[in-house]
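Reading through the structure tokens given below for one structure.
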Amino acid sequence: MKKLQVDFRKRLKNFDLQMNFAMEEGRLGILGASGCGKSMTLKTIAGIVTPDTGRIETGKTVFYDSAEKVNLTPQKRKVGYLFQNYALFPNMTVADNIAAGIRHAKRKDKRHRTEKQNVREQVKNLIEQFQLQGLENQYPVKLSGGQQQRTALARILVSRPDILLLDEPFSAMDSYLREELQIELDNRLKTFSGCSVIVSHDRDEIYKLCSHTMIMGEGSNIIFEETKKLFNQPRYMQAARLTGCKNISKAERVGPRTIRATDWGVEFCIDREIPKQLSYIGIRAHDFIPADVNDQRRENVIPVFPCGITKAPFEWTLLFQNKENPKGNMWMKQERGKEQIPEKVWVDQSKILLLE
Amino acid sequence: MKKLQVDFRKRLKNFDLQMNFAMEEGRLGILGASGCGKSMTLKTIAGIVTPDTGRIETGKTVFYDSAEKVNLTPQKRKVGYLFQNYALFPNMTVADNIAAGIRHAKRKDKRHRTEKQNVREQVKNLIEQFQLQGLENQYPVKLSGGQQQRTALARILVSRPDILLLDEPFSAMDSYLREELQIELDNRLKTFSGCSVIVSHDRDEIYKLCSHTMIMGEGSNIIFEETKKLFNQPRYMQAARLTGCKNISKAERVGPRTIRATDWGVEFCIDREIPKQLSYIGIRAHDFIPADVNDQRRENVIPVFPCGITKAPFEWTLLFQNKENPKGNMWMKQERGKEQIPEKVWVDQSKILLLE
Amino acid sequence: MDFSPILISMKTASAAIVFTFFVGIAFAYWVVNMKHEKVKMVCDGLLTLPLVLPPTVAGFFLLYVFGVKRPIGKFFLDFFGVKIAFSWSATVLAAIIMSLPMMYRSARGAFEQVDPNLLYAGRTLGMSEWSIFWRILFPNALSGILSGGILAFARGLGEFGATAMIAGNIAGRTQTLPLAVYSKVAAGDMQGAYQYVLILVVLSFLVVTGMNYVTYIYQRYNRR
Amino acid sequence: MDFSPILISMKTASAAIVFTFFVGIAFAYWVVNMKHEKVKMVCDGLLTLPLVLPPTVAGFFLLYVFGVKRPIGKFFLDFFGVKIAFSWSATVLAAIIMSLPMMYRSARGAFEQVDPNLLYAGRTLGMSEWSIFWRILFPNALSGILSGGILAFARGLGEFGATAMIAGNIAGRTQTLPLAVYSKVAAGDMQGAYQYVLILVVLSFLVVTGMNYVTYIYQRYNRR
Amino acid sequence: GAKKDDSKADDTKATKTEETTESAKEEEPVTLMVAAAASLQYSYEDKLIPMFEKENPNITVTGTYDSSGKLQTQIEEGIEADVFMSAATKQMNTLVDESLVDKDTVVDLLENKIVLITAADSTLDLKEFTDITKAQTVALGDPESVPVGQYSKEALTNLGLWDEVSAKASLGTNVTEVLNQVAEGSADAGIVYATDAATTDKVKVIAEAPADSLAEPAIYPVGVVTASKNKEAAQKFVDFLGTGEAIAVFEDYGFIQNK
Ligand SMILES: Nc1ncnc2c1ncn2[C@@H]1O[C@H](COP(=O)(O)OP(=O)(O)OP(=O)(O)O)[C@@H](O)[C@H]1O
Ligand SMILES: Nc1ncnc2c1ncn2[C@@H]1O[C@H](COP(=O)(O)OP(=O)(O)OP(=O)(O)O)[C@@H](O)[C@H]1O
Ligand code: MOO
Ligand SMILES: [Mg+2]
Ligand SMILES: [Mg+2]
């Protein structure tokens, strides 16, 4: 059964936002360039923005249907939405902000006392989980960026939504805390029966947390795919770029099993079937492998003309061109340690991505 | 000559913020846990927050001196400050926001016409560099997070500050755009004679952009060091953690060249001099190397009891314990491809970080 | 000196502000959330109206509406046994009508300045519109709303023209401080007038400062 | 029907609002930025004062301050040859004094609701306090400020008690619409009164709606 | 300086309370409301009401004082006044025509003079009523609504001065305004009732209006309101106002008995 079906259209200033996807239980990651409409999509699902036409529904309820003139209020949608700028209530302390997220059972059903107790306990638990101890009575203006984000996350989780929409949930946290909270969220989401959608700029985050990934181009979803599969075979140029492929070149087929990467001035041999719509190829920077001078391989070997080196803490990046036909730059990444500029590099033909 | 000297003290709610550092030309990166006072430090330098006591000065001017009762206005400090939440003016379009950053020469010196022309040109250039074309006349509420951040960055750069303070300048951008803009910023900063301070949660960013790095603990600077040196020899536990060392354990010296990592139940042999204050050791996840079963090495080899595996797009992580004395988890990271759980792992003793 | 005007004025101003405060806010909320721009502007114009009428004239109109012989006044008298004109309730009525525009307008401006994202956040968290109003919109518009409250209270306390018309100037029953001042002045008893003015000023000063203090305390969260 | 009151009222209300608007904002800015909490509260109380005085009484005080025999009035007369009492300038003065508290209070509330980070951002960008005020604080407080402006304008247009006292009721010179309405009503000429009231209402309605429209256009950036 | 005698008023009040408690057993207590022109307030409050209450311990009198025109409207709209005393015959006549005041009970009790005043320290050398033309600005009551204004207009018209004076006249909405405008020098001269002029020493009286300038003198009529529920007591009060004792008080405040 589909847990979330989205199909709508909304005019924005620069383009039309046209989304159409459906997901089952699980987590969906959204990757897309800045300004392509990711936040807008989440807002539309949450009911903050009303689309022009379309239909949005979960297995249980129809959120929006332009034909049937259904448009549920955000309250009835039971959707938890983490705002990109957190939207904490400035007039409430951290504890109150979190408590504000608690959806009360019908007042009369429970005795007031126990409920109050309950609230306090839930809030306390979340404050601990999100490492906000000592800040319970602080107001948002006096919180650091990461503290604000954690408070907002806690507030949403306490509201027990059916669907979770997280807009860059860890962007303001340092790497250490981020990893801890990712694990925390991962565990929480495992016990969470609804589906969740996570927008992130961090592909590792998506890879770690999401079963499925959607790639958005300007205003529409290009691909919806299982995460693992997508990262291995991005199929589309944008997907390759957003999943972190550094080297992408226009390509054309020049022989039965030969492709020319026109940006780089290099030809590659492919034994697989080459799709008709091929127009780009991509090679991940990690997939270039230094080849010995005396290496016997002849295919898919490029003589290196180095153009630049940058070093990150645990790896170094070589920028090079084809020595025999210098054109666009290619990136190669290597772990630290083997810091020697190779004469030639080789790439396994199975690692070459054929893209539309 | 010192370009920026900072020495102040400010009571915050939960702790005292006590900073003391000086930097010459160049770029300083600040790493620190969420809420440790990074943004506050920048705000103090910018003149938005007044410290309780201390002195802040550049080579040219004294910004603040509690003894001499100097406290320059933010205007006079000529400091560009990128707010963590951007602080764009909601009543101005993107173009106007950027133009608002232009510091006008004394009105009468220039002819009004040419200046206006000039402003328009500068704004246009920045809009292009920050890929904001088509959004010139959009108001901030209608911008995506990344677009807001880029507008704020452009606005600051156009104000030609003497000192640049950037609070997580790329946190809201997707990886692709981020890398482009990092290069853009890098180039701009090369022609920038003042010094700049960059707060970031992304250690790679700091590594790439900053000549020096400062590590902050709760409310004070622990280390101020050349970036490369710091990443290679973090010296302090917090520094190791913040520069991305996954494996950190309490440690004690048990022999002339032997250290016991108490959290893991493993002993290591070190040939270097062991500092007196040693209390932790750290091993980067990348530095564990699978050892053959028949490997002859006896020292610093750990038999592996695997506990878990997670896979990121280009690497996989193995969680393991010491098979002979299972205690805390250790992390090992490997590039994809060699996905086999080793029987033993080895670590080069020179790679073991000795920490205070 | 007769102390009854002080008591009457305080009772009147307090009763009026309670009503004005909530009704003004309710109107403001209602108008702010109107979909149709034109209807919105018209309603706004109507609600601002009592401000442009000279209070005495407003009093006339009130008298024509609530006088015991007019339908509405009669209705109240017959069904509730409440005589509005020339009674204490008339002083309250006058104060309300004359101060409502200020409360309404200030609250409206204040609401419009609140970041709408906060309201959306409340909605997605499942808060009812009622609690979104009281727990988010209201506290975050507090500065502006209290400004309006202070204006409205002060106006109610100082209301004279409409009160004199619809409530009369009956010592011990409807003679408020401003009416007492007026009477003293009219009789040339400047001494007595000054005394009442002083009381009026001190009273309003106390209340205004008190309200400021409450705002100050309440808005801790806004201070840095 | 005599049309002079319409003209006089329009001139008076316009002149008064221009002054009140800027001075009210200036006072608000000044008070908001005061460091000392107590001084702040006192100043606030003083500025709200004219609102609690019955307009007639306020008129008295004005007469005592600006009367030709009193130092200030004398000064104006001797040095500028301007006789304030009984002149058109007196109608403006009365309108200003009675409407200033509204402008001040509304502007103050509006300023307090603006996110201080925006001001800090302006400062670090090197904008002068002057342009921070006009380009950031003011536009972002616009809703509240215009609310105040509308209140103040309407109050100025409707001002009666103080005007009658200090400016007199000289047909063709100081007789404003409210005074004309009052005369008609008092004489029992309801027909004539209604005509003037209608004009008054239409006038204020036009201006209020106009101001609303301006806000609406100006605040495009706030609409989503 | 207003004319009043607080100590005496307090005395009478004190005695009254004692007596009321005694006589309450004998007669039903009654509360009367008197609606009177503002210029009557102090003679009523300080003297006449205490005197009347002393004589009639079962009756308590409250007053509402305002301009006669406003009181007229209020009576038309049902204010529960028992006695109405106007500062001019116009308002009373209207109410009688509307049968809101009992015609038979109306007495033209007092007469007031209209006088030309200037500020006490005025340097203008005015001598006679007709010198009003020498003043640059003149404060009058609004003839449309203020009784003294009606008389002023009538007098000036009969003297052939109205056109000249009205061109430089401010028409005050009540007498207090006129008095103060003259006292403060906003207006060089003004016309008010003699009783009003007597309430302050900041103005000086130049002259009374010439006797023949008014067809009818300024009359203060009093009458019982038809809707009154205490007509008997109201009539008692009206009668009391006509006694020599009461007239003497009125004359203290500058009124003249109408004969
Ligand atoms: N209220 C609005 N009305 C019209 N257009 C808008 C509105 N809000 C945003 N936009 C535009 O819609 C596009 C999509 O915005 P959105 O916030 O969804 O981007 P995003 O994908 O979340 O980007 P980012 O990763 O930078 O946050 C942007 O080009 C933006 O300028
Ligand atoms: N105005 C303030 N008054 C008092 N304490 C404050 C104020 N603002 C922030 N704090 C507290 O000071 C500490 C440091 O805040 P700061 O914003 O500098 O953190 P940060 O290092 O930038 O963290 P992050 O990486 O999460 O943005 C936090 O614990 C915060 O709660
Ligand atoms: O303007 Mo008034 O009628 O004195 O309150
Ligand atoms: Mg976004
Ligand atoms: Mg921060």
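The values are calculated or read from the model by the stated rules, or taken from the named source; none is laboratory data. This one's a predicted model, so the numbers in the text were calculated from it and none came from an experiment. Don't worry about glycine lacking a Cβ; one is built from the backbone with ideal geometry, like all the others, and counts go over all protein chains shown. Quick note on the areas: whole protein, heavy atoms, side chains included, nothing else; ligands and nucleic acids left out. Shrake-Rupley method; radii C 1.70, N 1.55, O 1.52, S 1.80 Å.
Things worth noting here:
- The mean sequence distance of close C-alpha pairs (under 8 Å, at least 6 residues apart), as a share of the length of the stretch C:45-182, puts its relative contact order at 35 percent.
- Here the accessible area of the stretch B:4-234 is 44 percent carbon and sulfur, with a 1.4 angstrom probe and all protein chains present.
- For the stretch B:257-320, the calculated P(r) over all alpha carbon pairs, in 10 Å bins from 0 to the bin holding the longest distance, is 15, 45, 30, 10, 0 percent.
- When the charge dipole of the stretch C:4-223 is built from unit charges on Cβ atoms (+1 for Lys and Arg, -1 for Asp and Glu) and taken about the Cα centre, the candidate among C:Ile97, C:Ala110, C:Val208 whose Cα reaches farthest toward its positive end is C:Ile97.
- Look at the stretch C:162-173: the mean tally of other chain Cβ atoms within 10 Å of its residues' Cβ atoms is 5.
- Amide H within-cut-off set for C:Asp189, under 5 Å, with H built and near neighbours excluded: none
- Reduction of at least 30 Å² in accessible surface, 1.4 Å probe, comparing all protein chains with the chain by itself, residues of the stretch B:18-40: B:Ser34, B:Gly35
- For the stretch B:4-234, the normalised intensity computed at q = 0.09, 0.17, 0.18 Å⁻¹ comes to -0.38, -1.29, -1.40 (log10 of I(q)/I(0), Debye sum over alpha carbons, equal scatterers, no solvent).
- Label point 7 Å beyond Cα along the C-beta direction, distances from B:Lys190 to other copies (nm, shortest first): 4.8
- Percent RCO, i.e. relative contact order, over chain B, from Cα pairs under 8 Å lying at least 6 residues apart: 16 percent
- When the listed pairs B:Lys142/B:Lys228; A:Lys116/B:Lys13; A:Lys208/B:Lys351; E:Lys229/E:Lys259; A:Lys142/B:Lys276; A:Lys116/A:Lys142 are checked against a 32 Å cut-off, the alpha-carbon distance exceeds it for B:Lys142/B:Lys228; A:Lys142/B:Lys276.
- Beta-bridge orientation, chain B: approximately 75 percent antiparallel, per DSSP, counting only bridges with both partners inside.
- Summed over both chains, the accessible area lost when B and A associate is about 3800 Å², using a 1.4 Å probe.
- Per residue convex hull volume, Cα atoms of the stretch A:245-355, in Å³: 93 Å³
- Proximal charge balance of A:Arg160 [Cβ under 10 Å; K/R count +1, D/E count -1]: +1
- The mean number of partner chain beta-carbon atoms within 10 angstrom of a residue's beta-carbon across peptide A:173-184 is 4.
- Here the chain A residue lying nearest the rotation axis onto B, judged by its C-beta and given with the distance in whole angstrom, is A:Ser171, 2.
- Using the 1.4 Å probe convention, the accessible area of the stretch E:156-259 works out to 39 Å² per residue with neighbouring protein chains retained.
- Among the GluC sites (Glu not before Pro) within the stretch A:249-330, those in coil by DSSP and having at most 16 neighbouring Cβ atoms inside 10 Å are A:Glu273, A:Glu299, A:Glu324.
- Diffusion of the stretch D:4-223 by Stokes-Einstein, at 20 °C in a medium of 1.002 mPa s and with Rh set to the Kirkwood radius over alpha-carbon pairs, works out to 114 µm²/s.
- Cα centroid separation, the stretch D:122-140 to the stretch B:254-270 (Å): 61 Å
- Translational diffusion of chain E, µm² s⁻¹ [Kirkwood Rh, Cα pairs; Stokes-Einstein; 37 °C; 0.692 mPa s]: 172 µm²/s
- In order along the stretch A:162-173, the phi-based Karplus estimate (6.51 cos²θ - 1.76 cosθ + 1.60, θ = phi - 60°) of 3J(HN,Hα) comes to 7, 10, 10, 10, 10, 9, 6, x, 10, 5, 9, 10 Hz; Gly and Pro are listed as x.
- Within the protein assembly as shown, DSSP assigns beta bridges of which about 70% are antiparallel (rounded to the nearest 5).
- Accessible area expressed per residue, the stretch A:245-355, with surrounding protein chains retained (probe 1.4 Å, Å²): 51 Å²
- Highest-first packing order for the peptide set E:79-87, D:96-104, B:197-205 is D:96-104, E:79-87, B:197-205, based on the mean count of other beta carbon atoms within 10 Å.
- For chain C, the fraction of 1.4 Å probe accessible surface lying on carbon and sulfur atoms is 71 percent.
- Sorted from shortest to longest, the distances between the A:Lys344 label points of this copy and the other copies are 3.7 nm, with each point 7 Å from Cα along the line through the beta carbon.
- Sequence-distant lysines (8 or more away, or on other chains) whose Cα lies within less than 19 Å of D:Lys35: B:Lys69
- Taking 1.002 mPa s as the viscosity and 20 °C as the temperature, the Stokes-Einstein diffusion coefficient of the stretch A:31-93 based on its alpha-carbon Kirkwood radius rounds to 163 µm²/s.
- Distances between equivalent label points of B:Arg257 across the copies, with each point positioned 7 Å along Cα→Cβ, amount to 5.4 nm, shortest listed first.
- Tail beyond 44 Å, pair distance distribution of the protein assembly as shown (Cα, percent): 56 percent
- Entries of B:Lys229/B:Lys333; A:Lys38/A:Lys311; D:Lys83/E:Lys134; A:Lys78/B:Lys38; E:Lys47/E:Lys204 with Cα pairs more than 27 Å apart: A:Lys38/A:Lys311; A:Lys78/B:Lys38
- Farthest toward positive dipole pole in the protein assembly as shown [+1 Lys/Arg, -1 Asp/Glu at C-beta], among E:Ser170, E:Ala209, C:Phe22: C:Phe22
- Inter-chain Cβ neighbour count for D:71-77, averaged per residue, equals 1 (cutoff 10 Å, partner chain atoms only).
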